[in-house]
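The values are calculated or read from the model by the stated rules, or taken from the named source; none is laboratory data. Just so we're clear, the structure is a prediction, and the values are computed from it rather than from any experiment. All Cβ positions, even for glycine, are placed from backbone atoms using ideal geometry, and neighbour counts span all protein chains on display.
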Amino acid sequence: MVKKILWMLAGVLLLMGLSACGGVAQSLPVLELPEDGQLQMNKMGRPDTLEGLCEYLADGLAFAGDPVEMSYKEIGAIAGVRYRFTYNGSTVQVELYEFDLENLDEKGKACLDSVKETGKFTVLDNEVPAILNGKYLMIYTDTSKKDENTAQKERVEQLFADFAGFKPN
């Protein structure tokens with residue numbers, strides 16, 4: 001019985017983490033892009049780790065603030081972080097997960113297969129849109145329909161797709 005309660009609590013926490021609601025926007029970090037739109041990206045290879053991906057995306061102003069560790073085992077990942085911030089007056093959430101492709105469990109395989117096929121996966125009866133880049137999965141949530149927000153989301157998705165961490169010989 002205690003295990004069931006703990007699993008339900010873990011599921012609720014994951015669902016809350018995957019949702020874009022909650023929190024007070026004023027207390028979140030604010031992402032501000034340069035007015036000229038020019039970003040100086042460090043093109044040096046980053047370690048092929050979740051931390052390397054986060055550093056790369058931070059350099060590209062994909063998010064603001066510090067990461068919070070996410071519950072990741074429910075989707076078969078080996079690590080996960082979330083960034084919550086405001087951009088252009090909207091609360092935005094970027095979640096990043098890393099999978100061990102050589103040792104995927106059933107949850108991980110189901111999650112990645114679903115994203116490959118449909119661009120989303122199901123967790124706690126909710127469909128969550130996501131994109132993949134090798135062993136990494138990203139969920140970008142911004143409910144704003146403003147052109148600037150849509151352009152930022154597309155820019156971050158392109159940064160994510162372009163990440164090629166350092167792979168030793």
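Here are the numbers for the structure shown:
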| item | result |
| --- | --- |
| Matching residues, the range 135-147, being surrounded by 13 or more Cβ atoms within 10 Å (Cβ to Cβ) and not charged (D, E, K, R) | Y136, L137, M138, I139, Y140, T141, S144 |
| Criterion violated by T122 - all others in (1) farther than 24 Å from A164 by Cβ; (2) at pLDDT 95 or above; (3) part of a strand (DSSP E or B) satisfied | (2) |
| Cross-chain or 6+ apart pairs with Cβ under 6 Å, the range 114-136 first and closer than 16 Å to Y72 by Cα, then of a type in the set (S, T, N, Q) and not in a strand (DSSP E or B) | F121/S114 |
| Residue ID - modelled with the highest pLDDT, chosen from residues in the range 36-53 that are out of contact with any Asp or Glu (no Cβ under 6 Å at 6 or more places or on another chain) and of a type in the set (D, E, K, R) | E51 |
| Identity of the residue in the range 148-169, of a type outside the set (A, V, I, L, M) and crowded, with 16+ Cβ neighbours inside 10 Å, that ends up farthest from L61 (Cα to Cα) | G165 |
| From Y72, Y56, residue being modelled with pLDDT under 95 and among the hydroxyl-bearing types (S, T, Y) | Y56 |
| Whichever residue in the range 41-68 is assigned to a helix (DSSP H, G or I) and in contact (Cβ under 8 Å) with a residue 40 or more places away in the chain and, among such residues, is surrounded by the fewest Cβ atoms within 10 Å (Cβ to Cβ) | G52 |
| Selection from the range 69-84 of residues that are outside any loop (DSSP other than H, G, I, E, B) and either under 12 Å from the mean Cα position of the chain (by Cα) or crowded, with 18+ Cβ neighbours inside 10 Å (or both) | E69, E74, I75, A79, G80, V81, R82, Y83, R84 |
